[in-house]
Structure formats: structure tokens, C-alpha cells
Amino acid sequence: MLHKIRTQLQAVANHVPGALTGYRYVRKLTQNAYHFIRRKLLRMSETDYGIKQRLELLHRQIRILPDGRISMPYIETYLAYGCNLKCEYCSHFNPFRKGLESKETVLRSIESWSKRLRPDIFGVLGGEPLLHPDFTEIVHFARKSFADSTICITTNGILLPKLTDEVLRSFQEAGRIEFWISQHLDTPEYLESLQKLKERFDSHQVPLKVFPSTGKWAALHKLDANGRAMPSQSNPALAWYYCYATNCRNIIGEALTFCSVLANIRLALEEGVLGEAWRRALSHQPMTLVNSQEEILAYLRQGIYPECSLCPDDVKYIEAKQLSTEQIREIMRAPST
């Protein structure tokens, strides 16, 4: 169609005085439109194929084992909702949240779900999980309950020096307990502390891995003029395809949610941290202990849900930034939308 239009314009330009300049301008527009549409069609074709491949992989990764448990690559739980860092664009909205999950709720959740699920990795996160006073007890309980899994604690590392040698020895004896540091700072003091931590953990044979995160962060939400988080209105399939957290499933209490970001959106809504624009997240129904293994399997294998549209289908990367206490107060005082 674009070729036909261009041919007709050329014929006009050849017979109408002064039309050549206009023709060249329109020709440039049609060329740009052609290449734009072509890129979009190629992207859609590649994405459709990629989505199909990832859904097939999801079905292979998540399955019911002979003992009746559901095998999966990863699942996580939270010990704390506050954090000792205030990262802008935090996907868990931790700069605006506070509080801990009760030890009783965490232990009961781990005990119940460990009889139903068999993840390769069981993640312990926050917020900052080391803020929880019963951190060590909970980690050991997770180690015993998810006996076939590796227990991975994700932390910013600031509180790790407070772990005693006795605690580190107990982790080494328990086996398959790892620490993953999400490095959000690059000050000389922090980097020096990381090096000392690495040497100390190595001496106790407790794995410690550092994942730098000080340059660019993926923004999973937008900010309004007041700095408050706002959801997207995206294509759910594309948002799921480009999401880096598609394997981050979550258990909190009796609820199992296919997406840790969605779990935090729902919690932040209940806490009054997010505005009405996010409310459609509450229409999602997580799985519970009442559901059968077959229902849970189908839920986890579905992959793409309408609520995926809350996240962008074209993730932007922004400069890493810490919010000040005053900035957080101003944002929370601003009217929500």
C-alpha cells in the first residue's frame, strides 16, 4: 500500500510544477512509516514466538513430583517490609513501608507450603530480612522444612557484619544456605565492608555472592508529578515477556502468588501506600492451602495474567538513586491518584 501511494505521488510530482519538494517530504514520511511498521511487525513476530517458547519452558519447569509436591525453580517469602535503604523505584515500595512479618506467620507458612512445594531455591527477602529479630531461627527452620532446596537470603549487606561467628558456623553446618547481596551503594566504606564480608564468609564456607546494582535500575512503575508510584496500562503478554521477575513466586501466610511484584502491590494497597489507580490488583485471587495440587499447578503454569498490565511492556532503566527522609515524607503527604 505504501509503495502504491509513493508511485502515485511521484506521478503527480512529475506533472505539477513545484510539487517535487512536497513529494520528497511525503516520500520521507512514507519511508519512515514503512520502517516503523516493519520493525513493529518483526518485534511482534519475535515476541509471539518468544512468549510461546517461555510458556513451554514454564510447563516443563513446573510439574508435580511422584511424592505429590510441585517442583519449581524458585519461590520466596518476606520477613520485613521496611528497609534500611530507600531506593527510588523499589519494586516492593519499601521506602514507604515499615513493619515485620510475625515469626509465627512465617514459620506456619513455611511449614505448610513446604509440604506442597519443592523449589530448587527458597528465597528469604524483605525489605531487609536481617531487620527481623528472629532472622536466624527462621532461616534454620526454612533449611529443615525445604530440605531439598537451597536457601538464599537476599540482602543489601549492611547488617551482615552483625552476624556472629557462631551463627555463620551454624549456617555452614546446616549446608546449602547462601547470601545474595544486592549492592545498591558504591561508597568506599561500603565497598571495603563488602570485601571484609567476603573474606569472613569464605572462612566459614558460607557462600556470599554480590550482584552490583548501582548504575541503572529497571523501573517497574511510573511516577506522577508528586513522585508517587503509578501503574502502567500495558499489554499483559508483552509485560510478562519482558519481566525479569517471571520466576519470582511468593508465599505470605496461606497465600501463594504467581508474582512477587503483584504480592507487594496488594500488600502496599492494604497498607495505604498506593493509591486507587492500583486497585485492580485486588481483583487477583492468589492460591491458598485450600486449593488442590492440580489447581495450583495450573495457576503457576498460566504465566500471563491480566494484572501483568500493571507493569510496563517496555521497561525503562533509570539512574540509581536513594531517597531522603524528607523526600519520602513529601511524597507521602502528596494526594494519591
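What number of residues within the range 176-189 are over 23 Å from the mean Cα position of the chain (by Cα) and in contact (Cβ under 8 Å) with a residue 12 or more places away in the chain?
1
Can you report the number of residues in the range 311-337 which are loosely packed, with under 12 Cβ neighbours inside 10 Å, in contact (Cβ under 8 Å) with a residue 12 or more places away in the chain and not in a loop (DSSP other than H, G, I, E, B)?
Residues meeting the conditions: 3.
Select the strands (runs of 3 or more DSSP E) contained entirely in the range 193-254, then report the ones holding at least 2 residues which are modelled with pLDDT of 90 or more and under 25 Å from GLU101 (Cβ atoms).
Ranges flagged: 208-212, 249-252.
Looking at the structure I just gave you, is THR136 assigned to a helix (DSSP H, G or I) and either under 30 Å from VAL273 (Cα atoms) or in contact with an Asp or Glu (Cβ under 8 Å, 6 or more places away or on another chain) (or both)?
Criteria met by THR136.
Check the range 122-129 and report whether any residue there is modelled with pLDDT under 95, buried (at least 20 other Cβ atoms within 10 Å of the Cβ) and not aromatic (Phe, Trp, Tyr).
At the first step, the residues of the range 122-129 found to be modelled with pLDDT under 95 are 126-127.
Next cut, buried (at least 20 other Cβ atoms within 10 Å of the Cβ) only: 126-127.
Filter once more, keeping what is not aromatic (Phe, Trp, Tyr): 126-127.
Yes.
Report yes if GLU307 is exposed (fewer than 12 other Cβ atoms within 10 Å of the Cβ) and under 20 Å from LYS222 (Cβ atoms), otherwise no.
no
Pull up the range 145-192, narrow it to residues that are among the charged types (D, E, K, R) and in contact with a helix residue (DSSP H, G or I) (Cβ under 8 Å, 6 or more places away or on another chain), then point me to the one that is farthest from PHE122 (Cα to Cα).
Going through the qualifying residues, I end up with LYS162.
Kindly indicate which of ASP202, ASP165, ASP148 is under 30 Å from CYS243 (Cβ atoms) and surrounded by fewer than 15 Cβ atoms within 10 Å (Cβ to Cβ).
That would be ASP148, the only listed residue that is under 30 Å from CYS243 (Cβ atoms) and surrounded by fewer than 15 Cβ atoms within 10 Å (Cβ to Cβ).
Look at the range 49-104 and say how many of its residues are part of a helix (DSSP H, G or I) and under 18 Å from THR154 (Cβ atoms).
Going through the range 49-104 one residue at a time, the tally reaches 2.
Could you figure out which of (1) closer than 17 Å to ALA237 by Cβ; (2) of a type in the set (A, V, I, L, M, F, W, C); (3) assigned to a helix (DSSP H, G or I); (4) out of contact with any Ser or Thr (no Cβ under 9 Å at 6 or more places or on another chain) isn't true of CYS308?
With respect to (1) closer than 17 Å to ALA237 by Cβ; (2) of a type in the set (A, V, I, L, M, F, W, C); (3) assigned to a helix (DSSP H, G or I); (4) out of contact with any Ser or Thr (no Cβ under 9 Å at 6 or more places or on another chain), CYS308 is out only on (4).
Tally up the residues in the range 169-192 that are closer than 28 Å to CYS90 by Cβ, assigned to a helix (DSSP H, G or I), out of contact with any strand residue (DSSP E or B) (no Cβ under 6 Å at 6 or more places or on another chain) and of a type in the set (A, V, I, L, M, F, W, C), please.
Residues in the range 169-192 being closer than 28 Å to CYS90 by Cβ, assigned to a helix (DSSP H, G or I), out of contact with any strand residue (DSSP E or B) (no Cβ under 6 Å at 6 or more places or on another chain) and of a type in the set (A, V, I, L, M, F, W, C): 1 in total.
Name the single residue that is nearest to PRO66 (Cα to Cα) among those in the range 284-305 being within 23 Å of the chain's Cα centre (by Cα) and assigned to a loop (DSSP other than H, G, I, E, B).
So, considering only residues that are within 23 Å of the chain's Cα centre (by Cα) and assigned to a loop (DSSP other than H, G, I, E, B), the one nearest to PRO66 (Cα to Cα) is THR288.
Please work out which residue is nearest to TYR299 (Cα to Cα), limiting yourself to the range 76-107 and to residues that are in contact with a Ser or Thr (Cβ under 9 Å, 6 or more places away or on another chain) and either of a type in the set (Val, Ile, Thr) or surrounded by fewer than 15 Cβ atoms within 10 Å (Cβ to Cβ) (or both).
THR77
I'd like the residue in the range 209-259 that is within 13 Å of the chain's Cα centre (by Cα) and β-branched (Val, Ile, Thr) and, out of all such residues, is surrounded by the fewest Cβ atoms within 10 Å (Cβ to Cβ).
THR246
State whether the residues of the range 160-170 include one that is among the small types (Gly, Ala, Ser), in contact (Cβ under 8 Å) with a residue 12 or more places away in the chain and on the phi > 0 side of the Ramachandran plot.
no
The values are calculated or read from the model by the stated rules, or taken from the named source; none is laboratory data. These numbers were taken from a predicted model, which means no experiment stands behind them. Note that we place each Cβ from the backbone using ideal geometry, even for glycine, and neighbour counts take in every protein chain shown.
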